[in-house]
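The values are calculated or read from the model by the stated rules, or taken from the named source; none is laboratory data. Here the structure is a predicted model, which means the values were calculated and not measured. Cβ: placed from backbone, ideal geometry, glycine included. Neighbour counts: every protein chain shown. Only protein heavy atoms, including side chains, enter the accessible area calculation; ligands, DNA and RNA are left aside. Shrake-Rupley method; radii C 1.70, N 1.55, O 1.52, S 1.80 Å.
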Amino acid sequence: MNRDPYDDELDAYDPLSGLYPEEDDFDPLADLQAEYRSFDQGRDEAVPDEEDWDYLLDDALYLSDEEDEAEEPEEEPEDEPEPPRKAEAVSTFDRYFGPQDAEPEDEDEEPEPPKKAETASTFDRYFGPEFDGDFGPGPDEQADKPAIQPQPETPVKTASSPAPTDKEAAREARFQRRREWNNLRFAALAVGVIAVFYIAFIAYLVFFPRSTVSEIENRTLAEFPTFTLASYLSGDYTSDIATWYDDTVPNRDNLKNVGYTFTNLFGLTSSTSSITYINKDVVANDMNAATAEDETDTAEAEPTPTEEPDQTDYTAEEAEFDMSNGLLVVYQNGHWKCLGLFGGGSGNSYVSALNTLAETLGDSVTIYSTPAPLASQFYVPSNASSYSSDQEACFESIAERLDSSIISVDICSVLAKHTDEDIYLRTDHHWAPLGAYYAARTFAEAADVPFADLSEYMVGVNQGYVGTMYAYSEDSRILNDPEDFVYYIPMNDYTTYYYDRSFNYQYEGRLIQEVSVDNSYIMFMGGDDKIVKICTDVDNGRKLLVIKDSYGNAEIPFYTSSFEEIFVIDMRYFNCNLVNFIEDLGITDVLFTMCSYSVVGTNAENLSTLITQNADVEVVDEQAIEAAATPEPTETPAPEETEETVETEG
């Protein structure tokens, strides 16, 4: 059945797509006819150019040839090979738009011409005077047609893409060879650069001087192990060598700084879902042991409000914050500060040790408990309050369980009155010397001893200080926001003596030592691993023993105006028996001062060990014996000034 797109009965036929409503197949001839009608009606915008006609007609006629062959399959004569497509394609435009030969009237009587001869008359057959409106078989008739046999593809070369000449082929070959050679040279260069970099890095690690001290971590790095047969057989020797090699990388601090900078540059921050509590001086493994059932140590406890209206209660305000390696990085007052978080704890070991000591010593010695809060007690913003527990509530719980003879000193409420001052370091986990001053003054009032005003001290400033919190947080915002380290030097007369951990006298030195800016907090007695004795010009018969962690170091200079003698020990580096030390040296006052990490952490467990260790060893002050045996130099009276002497000096 022939279908005429202009019949009234087939008014649903789409002449642009060549499809009937029920037809899904695409008919390229219908598209071609629609284009021709547009051209015939003078629609210039739809008239294709010569190249478009070549493309459309070539595709359409190629499909039409395949359908014609399927309807009347005949073998082509062997003596008449199919003419090359190239010759036909060269004249495509003229073939369809130039003068055309008339088509044979009776196709059944004439032998089928070659494929190209048939396609040459397709235009006239559908658009010439003999066109009878037959567009070919409809969908029903197409179903009865035999399947179109695939025809071998013949490479088509048009006039626009002639075969490359020998010169062009040679040029293309040279281009390919040059590209392959360039690729080979680039690969060789890349391998060479990587090899040079690798060799240089190995040479750097092997031949450059090893680091010995990390200033940003405030610690001495690992030392090369001493060889012993036992350590070698046990594997400790080789393990210690690996530790030394990793810990003492040349220029270690600068390399860490570069790594931290890149980490923050690309936003590689730690997840806030995993909170760890870090303090290199006091690693308290059990400080996360606070549970919701412990009413005195839960995170829901409210911090003590600020007592003075002119001070800012930062815990009641929101602030921008972020988590970095389990530490809280907060933006307040135009600066970044890093805060250690308090997880709570019972403090049972601390309470037990102090009660045991009080029971052992009796009334001959007065014991004071002065736990120091972390900066998070006063500076964690309200929108991050769930990350840290209330330390004052923890200290109050501990005070209630201490022996009645032990005096508990509350410094949380005192420091809360000075939150707008620099009482804590922004870039370090310690408090600032100013905060230690307020704590020492509060203790001196409780001990009823004299105490010098801050104006009586000489003030020193180390500018550009970046403390331990940068090493712990690895946050470049802390590195790029340094602070001033302000310290206070007592002006009264005193002498400082240093002993080893077993109280063997070593040397006389300075109380506040000269250090680099990065090690500013170590200026107080040079660190923690020594026993220190300070003899002052105070004459009140009071001898103070300070049992502390690193927080207590900053307090010591302020006690030089309050006690006649001051002994300082660190709970982690003390080999003597604590009871013997107190009794043999005639101590009158014992002060326990340490941060909340130590109070509730594993450091407190060591206090009981100090009470029981080396109980049969007597404590002797070698320096005092040596000083007593040495006669004091007699003062020679100054000669009287005479007229003659004055003239000579003039």
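With a 1.4 Å probe and all protein chains kept in place, how do ARG501, ARG252 rank by accessible area, largest first? Present the calculation step by step, with values, prior to reporting the outcome.
Numbers: ARG501 95, ARG252 35 Å².
Heavy-atom accessible area, descending, gives ARG501, ARG252.
Mind ranking 163-172, 454-463 by how tightly packed they are, going by the mean number of other C-beta atoms within 10 angstrom, highest first?
On the way: 163-172: 9.9, 454-463: 12.5.
So the peptides 163-172, 454-463, ranked by packing, come out 454-463, 163-172.
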Check your understanding: How much accessible surface area, in Å² rounded to 10, belongs to the heavy atoms of PHE208 with a 1.4 Å probe?
Key -> 110
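Compute the accessible area per residue over the stretch 371-517, keeping the other protein chains in place, probe 1.4 Å, unit Å². Present the calculation step by step, with values, prior to reporting the outcome.
Working: 5640 Å² over 147 residues.
Heavy-atom accessible area per residue stands at 38 Å².
Please list LYS543, LYS533, LYS337 from largest to smallest accessible area, probe radius 1.4 Å, with all protein chains kept in place.
Working: LYS543 55, LYS533 5, LYS337 25 Å².
Solvent-accessible surface, decreasing: LYS543, LYS337, LYS533.
Sorted by accessible area (1.4 Å probe), largest first, how do GLU555, GLU318 line up?
Values: GLU555 0, GLU318 145 Å².
The most accessible residue leads, giving GLU318, GLU555.
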Study note, to complete from the structure: For the stretch 177-184, Karplus-derived ³J(HN,Hα) couplings (6.51, -1.76, 1.60; θ = phi - 60°; whole Hz; x for glycine and proline) come out as 5, 5, 5, 4, 5, 5, 4, 5
Check your understanding: From the backbone phi of the stretch 519-527, what are the Karplus-calculated ³J(HN,Hα) couplings (6.51 cos²θ - 1.76 cosθ + 1.60, θ = phi - 60°) in whole Hz, Gly and Pro given as x?
Key -> 10, 4, 6, 7, 4, 7, 6, x, x
**Study point:** Whole-Hz couplings from phi, Karplus 6.51/-1.76/1.60, listed for the stretch 317-330; x for Gly and Pro
**Key:** 10, 7, 8, 5, 8, 8, 9, 9, 6, x, 10, 8, 9, 10
Check your understanding: Using the alpha-carbon centroid of each, what span in Å lies between the stretch 593-631 and the stretch 514-553?
Key -> 14
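Provide the packing ranking of 416-429, 371-384, i.e. peptides ordered by the mean count of other C-beta atoms within 10 Å per residue, highest first.
On the way: 416-429: 20.6, 371-384: 22.9.
Ranking the peptides 416-429, 371-384 by packing returns 371-384, 416-429.
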Review point. Roughly speaking, to the nearest percent, how much of the stretch 363-520's 1.4 Å accessible area is carbon and sulfur?
Key: 42
Practice item. Please give the length that would be gained between ARG210 and GLU618 if that part of the chain were fully extended, namely 0.36 nm times their separation in residues minus their C-alpha to C-alpha distance (nm, one decimal). Key: 142.7 nm
**Study point:** Distant-in-sequence amide H partners of SER324 (H built 1.01 Å from N, under 5 Å)
**Key:** VAL329
Review point. What accessible surface, in Å², does a 1.4 Å probe find on ILE522, ignoring ligands, DNA and RNA and rounding to the nearest 10?
Key: 50
Check your understanding: Probe 1.4 Å, all protein chains in place: accessible area of ARG572 in Å², nearest 10?
Key -> 50
